[in-house]
Every structure is written in structure tokens, then in C-alpha cells.
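Structure, as C-alpha cells:
What follows draws every value from the coordinates through simple rules; no lab data is involved. Source: prediction; values computed, not measured. So basically every Cβ, Gly included, is an ideal-geometry build from the backbone, and we count neighbours across all protein chains shown.
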Amino acid sequence: MSGDITLKYWNEISEGDAVATVTMAVPFERVILDAAATQDYFPGHHNPAYARHQGQKEIYLNTMAIEGFIDRVATDWAGPHTFIRKRQMQMRSSIYAGDTLQGEGRVEKCYEAGGRHLVDVTINISTANGLCVPAVLTLDIPGERPS
Amino acid sequence: MTEKFNEPFPLAYGTYDDAVKMLNKPGEKVLAEFSVNWEMIKIYCSMVEDGNASYWDEGYANKQWGGIVAPLGLLLTWPMSLQWHPKKERKHYFIAMTIPLPGDTIINVATNTEFHRHLYLGDRVSVVDELTDVSEEKKTRLGVGHFLTTKAQFFNQREQLIAEQTNSLFRYYVPEGES
């Protein structure tokens, strides 16, 4: 695996750069896998009748699945040497079984603080129904490519 | 026919005034049932199709981080309660579940997390959280209820701070005839 790894370095990143778009289908199977993988058996994530009782149209992904997808968008782009220092996210609308996720982003700021090389990125998670989860991440990325 | 549901967790019921009395009182520190383990990491990464070598490739992870690390999105999973335990009553660690309010369900609204260090295989998480804000009754497109804000701190077994999280959720009910 190591031979296939793509790494970005802080001094190669500029404000305004696009974060590569990632898409992922969300069939019912993935929502159920989400509940099992995160040990979150809140019934809105596996029981369609309960989800409707909540005013939702279908079972939906939990916060941890969305966090994982957001983080994946960031580290697929910047590389596995990235440490996510901060993640701020708002769940504006749910992501339902049957949806397809799209994560896309943009570099907002590159700066140094406390000896760290930091990059703020916005990452927006959408479905065909529009923006569902806007997020802002602070990424800690090695400063320059080793010579 | 109205379908009856078992409560997802034992929610506490009461009034807004009851909830306000719970502000700024840290809950009990909870030690995770699960140690950080590679099997759960792989299942989670497979769920979000994350091929990050930090989670899959021992050679890379050893060199970069000193070992396989846990995806940050699994932070809330380690202290989740089991569905059944021979000696313990099922109890969710989120203090938000113990706040007395009228709503019979919840939805998460916003989560902000600051991460200080990685979790490694074998680490054992503990968490403590407290209610820092409760709104007066609000009506949203989902229903009628209250927004709860909680702050949580997560530690490893060496009492090193792993992450701090501020979470906002909506505790609500769907008015009769609107579900």
C-alpha cells in the first residue's frame, strides 16, 4: 500500500485550491453497517418506522459516519500524514438511505501557529437534495517534502 | 395505527425548569467498554471507504505515527454502551440523555471537535461531559423541543486529553397529527 500513497505538503498548498471531490452511494446496507460499525443503535439509523415517527423520510446516517466521510475527503486529498486538529460541522439535513453523498471543498487559509503548519478547509457534504452538512476543518500537514 | 416504540435509550422526562437545574454539573466519568482495536477500525473504514494507510498499513502507520491509529470519527464509539451486559444496566454515556425534558426523541444538530492526539490500538478511552446550555422551547420543521449543548472531554488510559467536543442536539416531539 505504501507505494501508492499521495502526500501533499503545506508549502505546496495555496488558498483557493480545490479539495478533490469524493462521492459515495448510501444504500440501506451502508446505513445498517454504520449502526453496527459505530455501535450506535439509535433506531433512526435502522428502523424506518421510527425514522418516520421522528419526522424523517427514511433511516439516515449518524454523525460518526458523516464525520468519517468528511475526514476521508480531507485525507484522500492531503494524504495520510495529515492530522485533523479541528472539525466543525452542522447537520442541516439528514442523509438518507438511497442518497448519494458528494464531498467537495476548498482551501480557505494556510498559516503557521505554535510551530505547526496548518490549513483551514471548508468541506461541504451534499446529496441530490442540496447541501446537508457544511464543515470546516483545520489540518496539520508537514511543512515541506523531505529532500 | 400509531406504532409504539421502545425508547432508544432511557431518556429522562421533565420540564424546561428541571433541565435548567442540570446546567454545568459534570456527569460521571465513563470508562469505555471497548479498547481501541484494529477490527472495529477496519469495519468503520470499510463503511466510509476510507483507505487511509494510517488505519490499514502497519508499515506506514509505524513510520508516520508510531503505530496504527484510530480514525477520529470513531471517538464517540469507544465509550458506547453494549446492547446487553450481564452486570450493568444499559446506560448511554451522553449526559444529554439524562436531561429531563418533554421530547421523546433526538436529532444531532452540530458537532465541533478539537483533537489533541491520536488513539492507538489497545488504548482505553474515558469521557466526561456536562450540559452547558438548554434553549427555551423552539419549533422547527421536525417538531417542538429544546436545543441542548454539551461539552465533553475524552482521555486515554494515561489521562492524556485526546479530544474536546461541543455538541448540540435537538430534543423534541412531533406534535399530534404531524408525523
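Points to keep in mind about this one:
- Between the stretch B:114-179 and the stretch A:56-117, the alpha-carbon center distance in angstrom: 18 Å
- Pair B:His85, A:Ala113: separation of 7 Å Cα→Cβ label points (nm): 3.7 nm
- Cβ crowding within 10 Å, taken as a proxy for footprinting-reagent exposure, orders B:Arg158, A:Arg106, B:Arg171 from fewest neighbours to most as B:Arg158, A:Arg106, B:Arg171.
- Normalised by the number of residues in chain A, the mean separation of alpha-carbon contacts (under 8 Å, six or more apart) gives a relative contact order of 31 percent.
- Cα centre as origin, Lys/Arg/Asp/Glu Cβ charges: chain B dipole, Debye: 340 debye
- Helix A:28-38 vs. chain A, principal-axis angle (Cα, 0 to 90°, nearest 10): 70 degrees
- Cβ-placed point charges (K, R +1; D, E -1), dipole of chain A about Cα centre in debye, nearest 20: 320 debye
- A cut-off of 5 Å between modelled amide H atoms, ignoring neighbours fewer than 5 places along the same chain, links B:Asp123 with B:Val36.
- With each label modelled as a point 7 angstrom along the Cα→C-beta vector, the A:Ala36-B:Glu136 pair spans 4.7 nm.
- Other protein chain Cβ atoms within 10 Å, averaged over every residue that makes up B:78-84: 2
- Magnitude of the charge dipole, the stretch A:62-117, Cβ model with Lys/Arg +1 and Asp/Glu -1, debye to 20: 240 debye
- Legend: residue pairs A:Lys8/B:Lys151; A:Lys57/B:Lys88; B:Lys29/B:Lys63; A:Lys57/B:Lys29; B:Lys29/B:Lys139; A:Lys86/B:Lys25, Cα-Cα distance threshold 30 Å; pairs beyond threshold, A:Lys8/B:Lys151; A:Lys57/B:Lys88; B:Lys29/B:Lys63; A:Lys57/B:Lys29; B:Lys29/B:Lys139.
- Backbone N within the stretch A:93-117 under 19 Å of label point (7 Å from A:Ala25 Cα along the Cβ vector): A:95-103
- The amide H of A:Ile95, built 1.01 Å from its N in the peptide plane, has A:Leu61 as neighbours under 5 Å, considering only residues 5 or more places off or on other chains.
- Shape category assigned to chain A from the gyration tensor of Cα positions, a/c cut at 1.5: prolate
- The label point for B:Ala12 and the one for B:Phe34, both projected 7 Å from the Cα toward the Cβ, are 2.7 nm apart.
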